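See below for the structure under consideration.
Each value in this text was obtained by applying a stated rule to the coordinates, not by laboratory testing. Because the structure is predicted, anything quoted here is derived from the model rather than measured. Every residue, glycine among them, receives a Cβ derived from its backbone with ideal geometry; neighbour counts consider all protein chains shown.
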Amino acid sequence: MSELYVGTMPVDERNRFDTGALENYMRCHVENFRGPLGVEQFKGGQSNPTFLLSAGGVRYVLRKKPAGQLLASAHAVDREYRVITALRDTGVPVARSHCLCEDASIIGTPFYIMAHVQGRVLWDPTLPGMGQAERAAIYDDMNRVIAALHGIDVNGVGLADYGRSGNYLQRQLGRWSKQYLASQTEPIEAMNRLIDWLPARIPADQTTTLVHGDLRLDNLIFHPTEPRIVAVLDWELSTLGDPLVDFAYHMLTWYLTAQEFRGMAGVNLPELGIPLAEQYLRTYTRRTGRADIEPGLWNYHLVYNMFRLAAILQGIAKRVEDGTAANASARETGRKARPIAEIAWRHATSQLGAR
């Protein structure tokens, strides 16, 4: 799996742009920039094409909107830039931002540039090749950083208007239902059932914090040798929202298998030194000062996040059909939408999910 995503490659045909125009732009907008400019494309990045820039012995990362017709509110590189800039001096590690360009005439679409962070991107949640103590430390640091993220004072970092307070799940259900329907390539019965089931069971109690929206293991950069996070990546889906929704998405790893979607369900976790789901959730609630979560409420959040994941995967499938997918493995990824939706519906109709 990881070899499909890790490292760089020459810029593919549909993502090529005028490197001379970009170099001229960087001379004016990136402090201490010195050319000439070299450009490679990261293999990863299903949504926003991402590039490694090299100039004057310094490395940068460029994230841009893909070309072509896009779904409304998707590929929000401006929001990514704003949030990593706001979090620069907080307890949440992010790459240093350099500049945002909303002028599509430079390289064809809006983009931003940030510092390149050296470290490890880990793809397999079972962390093969590591010892029990290192695995435990990595999971503890993930838990710590997510708790810190959900504790950010949004007023203090200038993000009080980064999203709306209240009714987060209602708005998210509306958004992802609409985006799923706009990106359908074939009917998925389980998705239609979930579109009816989820709004009828929205929990009354919702908290509002800064949320990332895509807290997967592979959206984190770990120190090259130490079990600690040095940067949280891919803030495209970040907003103000319910932290429990955000954390439940992160914890889908415990409930899905590797074949279903990069998960570790069915693995002997204590043998590896990885906390069980109940332990990991309890550590998070302790760190955030939240009361224990009732099982039916937790199951609802898992079902919602499986639905949302299926909608995201369906969007990838649609981009494959339209020829705008950024990643070579996008076709295989997009095909996972249906089975994830069917797993979500089974969770929804299980005894635990009956509400």
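The table below gives the values:
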read-out: Chain lengthening between D18 and R282 when straightened (0.36 nm per residue, less Cα-Cα); value: 90.0 nm
read-out: Selected from L302, L276, L217 as most flexible by GNM, with the chain as the system and alpha-carbon contacts under 10 Å; value: L276
read-out: Projected label distance in nm at V267 and N32, using a 7 Å step from Cα toward the beta-carbon; value: 3.9
read-out: R0 of 45 Å, Cβ-Cβ distance A160-Q132: FRET efficiency to nearest 0.05; value: 0.60
read-out: FRET E, pair A291, T225, Förster distance 35 Å, beta-carbon r, rounded to 0.05; value: 0.40
read-out: Estimated inter-spin distance, E186 and D78, nm [label 7 Å along Cα→Cβ]; value: 3.8
read-out: Residue among A344, A160, A311 with the largest mean-square fluctuation in a Gaussian network model of the chain, springs linking Cα atoms under 10 Å; value: A160
read-out: Among Q314, Y255, L302 the positive-end extreme of the charge dipole of the stretch 238-337 (Cβ point charges); value: Q314
read-out: Shape of the stretch 2-115, Cα gyration tensor, a/c cut at 1.5; value: rounded
read-out: Degrees, to the nearest 10: 168-182 long Cα axis against longest axis of the chain; value: 70
read-out: Candidates N48, N327, N24, ranked by Gaussian network fluctuation over the chain, Cα under 10 Å, top entry; value: N24
read-out: Distance between modelled label sites at E102 and E321, nm, 7 Å Cα→Cβ extension; value: 3.2
read-out: Residue order, fewest to most beta carbons within 10 Å, for F247, F261, F51; value: F261, F51, F247
read-out: Neighbourhood net charge (14 Å Cβ-Cβ; Lys/Arg +1, Asp/Glu -1) for D322; value: +3
read-out: For the stretch 117-273: rounded, prolate or oblate by the Cα gyration tensor [a/c cutoff 1.5]; value: oblate
read-out: Residues R88 and R335, FRET efficiency given R0 of 45 Å [Cβ-Cβ distance, rounded to 0.05]; value: 0.70
